[in-house]
1. Within the range 86-103, is even one residue over 22 Å from Ala59 (Cα atoms) and β-branched (Val, Ile, Thr)?
2. In contact (Cβ under 8 Å) with a residue 24 or more places away in the chain and of a type in the set (Lys, Arg) - does that describe any residue in the range 31-48?
3. For residues that are hydroxyl-bearing (Ser, Thr, Tyr) and in contact with a helix residue (DSSP H, G or I) (Cβ under 9 Å, 6 or more places away or on another chain), scanning just the range 8-64, find the one that is farthest from Ala74 (Cα to Cα).
4. The conditions are (1) of a type in the set (D, E, K, R); (2) at pLDDT below 95; (3) surrounded by 12 or more Cβ atoms within 10 Å (Cβ to Cβ), and Glu117 fails exactly one of them. Which is it?
5. Restricting to the range 46-61, name every residue that is under 21 Å from Val13 (Cα atoms) and not polar (S, T, N, Q).
6. Every residue in the range 1-58 that is open to solvent by less than 40 Å² (accessible area, probe 1.4 Å), among the aromatic types (Phe, Trp, Tyr) and under 15 Å from Phe116 (Cβ atoms), please.
Amino acid sequence: MAIAHFTLATRDVRRTSAFFTETLGWKPLDRPNNIPMAAAWLEIAPGQELHLVEVADFAQSPFEREYGRHIAIAYPVAGFAGLKERLKGQGAEVFAPLRPTPFERFFFRDLNGYVFEVVPAERKAETGTT
């Protein structure tokens, strides 16, 4: 089983779509034309998509944080420095994790207040044993 897509609300679909395209390289896709509001589909990886929908009264949740709701993405660790610079250049807040891990990682808050965790694509899974 895999996650096929997730949907995020935004007040500005065009700006949010450009943010993910320019920072993470997610590719715009043709979207269905049966949606009554502005929307954009982005390909994260083959078979994985982000759907953005414009919601005029969208408000950021206070639960967007490391110990709350966030979305983790895998990215090559060699590209972390460049990714952080692109994120900051597009207005994201980049911040360090609270919990230590055996691998490098970081968080960012996007233009809508959503929190994303970036982990190395090459990492080994953490376990509860020592």
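The values are calculated or read from the model by the stated rules, or taken from the named source; none is laboratory data. Just so it is clear, the model here is predicted, and its values are computed rather than measured. Every residue, glycine among them, receives a Cβ derived from its backbone with ideal geometry; neighbour counts consider all protein chains shown. Accessible surface areas use protein heavy atoms only, side chains included; no ligands, DNA or RNA. Shrake-Rupley method; radii C 1.70, N 1.55, O 1.52, S 1.80 Å.
1. Narrowing the range 86-103 to residues over 22 Å from Ala59 (Cα atoms): 86, 89, 96-103.
In the following step, the residues that additionally are β-branched (Val, Ile, Thr) were identified as 101.
Checked against the condition, which is being over 22 Å from Ala59 (Cα atoms) and β-branched (Val, Ile, Thr), the range 86-103 yields at least one hit.
2. Checking the range 31-48: not a single residue is in contact (Cβ under 8 Å) with a residue 24 or more places away in the chain and of a type in the set (Lys, Arg).
3. In the first step, residues of the range 8-64 are kept if they are hydroxyl-bearing (Ser, Thr, Tyr); the result is 10, 16-17, 21, 23, 61.
Next, from what is left, pick out any that are in contact with a helix residue (DSSP H, G or I) (Cβ under 9 Å, 6 or more places away or on another chain): 10, 23.
Values: Thr10: 23, Thr23: 14 Å.
Step by step, filter the range 8-64, then rank; the result is Thr10.
4. For Glu117, the failing item is (2).
5. Start the filter on the range 46-61 by keeping residues that are under 21 Å from Val13 (Cα atoms), which leaves 48-61.
Correct list: Glu49, Leu50, His51, Leu52, Val53, Glu54, Val55, Ala56, Asp57, Phe58, Ala59.
6. Of everything in the range 1-58, those that are open to solvent by less than 40 Å² (accessible area, probe 1.4 Å), among the aromatic types (Phe, Trp, Tyr) and under 15 Å from Phe116 (Cβ atoms) turn out to be Phe19, Phe20, Trp26.
Here is a yes/no grid of residues against (1) at pLDDT below 95; (2) of a type in the set (A, V, I, L, M); (3) over 15 Å from the mean Cα position of the chain (by Cα); (4) under 21 Å from Val94 (Cβ atoms):
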| site | (1), (2), (3), (4) |
| --- | --- |
| Met1 | yes, yes, yes, no |
| Ala9 | no, yes, no, no |
| Phe20 | no, no, no, yes |
| Thr23 | no, no, no, yes |
| His51 | no, no, no, no |
| Ala59 | yes, yes, yes, no |
| Glu66 | yes, no, no, yes |
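Residue-wise test of (1) closer than 30 Å to Ala125 by Cβ; (2) touching a Lys or Arg at 6+ places or on another chain (Cβ under 7 Å).
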position	(1), (2)
Gly25	yes, no
Asp30	no, no
Asn33	no, no
Glu43	yes, yes
Pro46	yes, no
Ala59	no, no
Ile71	yes, no
Gly79	yes, no
